[in-house]
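Participant: Dumping the structure here so I can ask a few things about it.
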Amino acid sequence: MIVRISRLSYRYPGSEDWVLKNVNFEADAGEFVLLVGPSGCGKSTFARVFNGLIPHFYGGELVGEVEVCGMDPREHPTYEFAECVGFVFQNPENQLFFTSVEKELAFGLENLGLPREEISRRVEQALREFQLAELRDRGPYELSGGQQQRLAIASVMVMQPKILVLDEPTANLDPFTAVRTLALVRRKTIEEGVAAIVIEHRLEVALPFATRMVVMANGQIVDDGNPAEVIARQKHVVGRPQALELVERLIQAGLSLEVEKPSPEHVALGIVRAYKVGEHAARRKRSSPG
Ligand code: ADP
Ligand code: MG
């Protein structure tokens, strides 16, 4: 387990209320964990524990056991987590510091003391993967919200962290770019064994990639497991993805549908399959004598 958290509780300084209450959570390499829950339930706070922003930057009181990449964030300074945990904030402009896209991407790598060729190889790859090549000389403040968001994610991914924590990473992205970005994250989990913890309320965008879904409510984890099963159990908390609604209506209308996951892609596949089966049956009927 690359993340091991047990009986974690936390409150911000000067507050009597515990924002996180007795949270137990583990994550393994290769997982894509989708973390959802109502606004204000503690998702961002939970994410800040992963790289030690809590308690080092925010202060407050943290109790319980936390182990991230084998380290307790309370006992190690945040820079020791830089190589292991990649973190993208809810507001990407807060984490862009440099005068150009290219410099932004190279900074962390230069800090690690990597050889020049390796830095340039990784920067070029990120420029390509995140469609930033044409913007390489632009300043972060000359970028649109979506471009900034892509840059923030890219500058974290170039570090090749073992854990990626993304706090609403697609909020400023159009649906197509959002899916593309999360697909890239999923690829890293498959090909490089990265553990991704993604806070995302746009279920339709994230579900195709999630291997696991965790629901938080009022500072506690109230469900954790297979995404389709969690959605079925937690309709009242997570809402109902439109794709799932469509499946239910089609089944009611008499179409025999098998859908693996309640994501638009899987639903589309299910419909195509059902259509082909129907077409095949119709053709057989037509070609049969009489
Ligand atoms: P979410 O990300 O799920 O919307 P947050 O983790 O941002 O929830 O917030 C959880 C609770 O902690 C909220 O009640 C919020 O007001 C409080 N909170 C968040 N950040 C701070 C902070 N820096 N100082 C004090 N309270 C905070
Ligand atoms: Mg938040």
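We did not get these values from a lab; they are worked out from the coordinates using the rules stated. Because the structure is predicted, anything quoted here is derived from the model rather than measured. Cβ coordinates were reconstructed from backbone atoms using ideal geometry, including for glycine residues, and neighbour counts include every protein chain displayed.
Participant: With a/c under 1.5 counting as rounded, go ahead and sort the stretch 92-143 into rounded, prolate or oblate using the C-alpha gyration tensor (a ≥ b ≥ c being the square roots of the eigenvalues; past the cut-off, prolate if a/b is larger than b/c, else oblate). Write down the numbers at each step before the final one.
Facilitator: Numbers: a/c = 2.23, a/b = 1.35, b/c = 1.65.
Because a/c hits 1.5 or more and a/b fails to exceed b/c, the stretch 92-143 counts as oblate.
Participant: What is the distance in Å between the Cα centroid of the stretch 1-27 and that of the stretch 224-276?
Facilitator: Taking the Cα centre of the stretch 224-276 as reference, the centre of the stretch 1-27 is 33 Å away.
Participant: Just add up the charged neighbours of Thr211: K/R +1, D/E -1, any other residue whose Cβ is under 11 Å from the Cβ of Thr211.
Facilitator: It works out to a net charge of +1.
Participant: Roughly what % antiparallel, to the nearest 5, for the DSSP beta bridges in the chain? Walk me through the intermediate numbers first.
Facilitator: Details: 18 of 35 bridges.
That works out to approximately 50 percent antiparallel.
Participant: If you take the charge dipole of the stretch 1-124 about its Cα centre, with +1 on Lys and Arg Cβ and -1 on Asp and Glu Cβ, which of His76, Tyr58, Ser39 is farthest toward its positive end?
Facilitator: Ser39
Participant: Also, I was wondering about something else. Decide, for the chain, between rounded, prolate and oblate: order the square roots of the alpha carbon gyration tensor eigenvalues as a ≥ b ≥ c, take rounded if a/c falls under 1.5, and otherwise choose prolate if a/b is larger than b/c, else oblate.
Facilitator: oblate
Participant: While we're here: Does the stretch 119-195 come out rounded, prolate or oblate, given a ≥ b ≥ c as the square roots of the eigenvalues of its C-alpha gyration tensor, rounded meaning a/c under 1.5 and, failing that, prolate meaning a/b above b/c? Before the final figure, lay out each step's value.
Facilitator: Numbers: a/c = 1.84, a/b = 1.22, b/c = 1.51.
It comes out oblate by the Cα gyration axes.
Participant: Hey, how many Å between the Cα centroid of the stretch 48-74 and the Cα centroid of the stretch 124-155?
Facilitator: Measuring centre to centre over Cα atoms gives 30 Å.
Participant: May I pose another question? Which of the pairs Lys235/Lys261; Lys21/Lys188; Lys162/Lys235 have their Cα atoms more than 27 Å apart in this structure? Write down the numbers at each step before the final one.
Facilitator: Values: Lys235/Lys261 15 Å; Lys21/Lys188 31 Å; Lys162/Lys235 32 Å.
Those over the limit are Lys21/Lys188; Lys162/Lys235.
Participant: Let's see if you can work this out: charge +1 on each Lys and Arg Cβ, -1 on each Asp and Glu Cβ, no other charges. What is the dipole magnitude of the stretch 4-71 about its Cα centre, in debye to the nearest 20? List each step's numbers first, then the result.
Facilitator: Details: 6 positive and 8 negative charges, 31 e Å.
With only Lys, Arg, Asp and Glu charged at Cβ, the dipole is about 140 debye.
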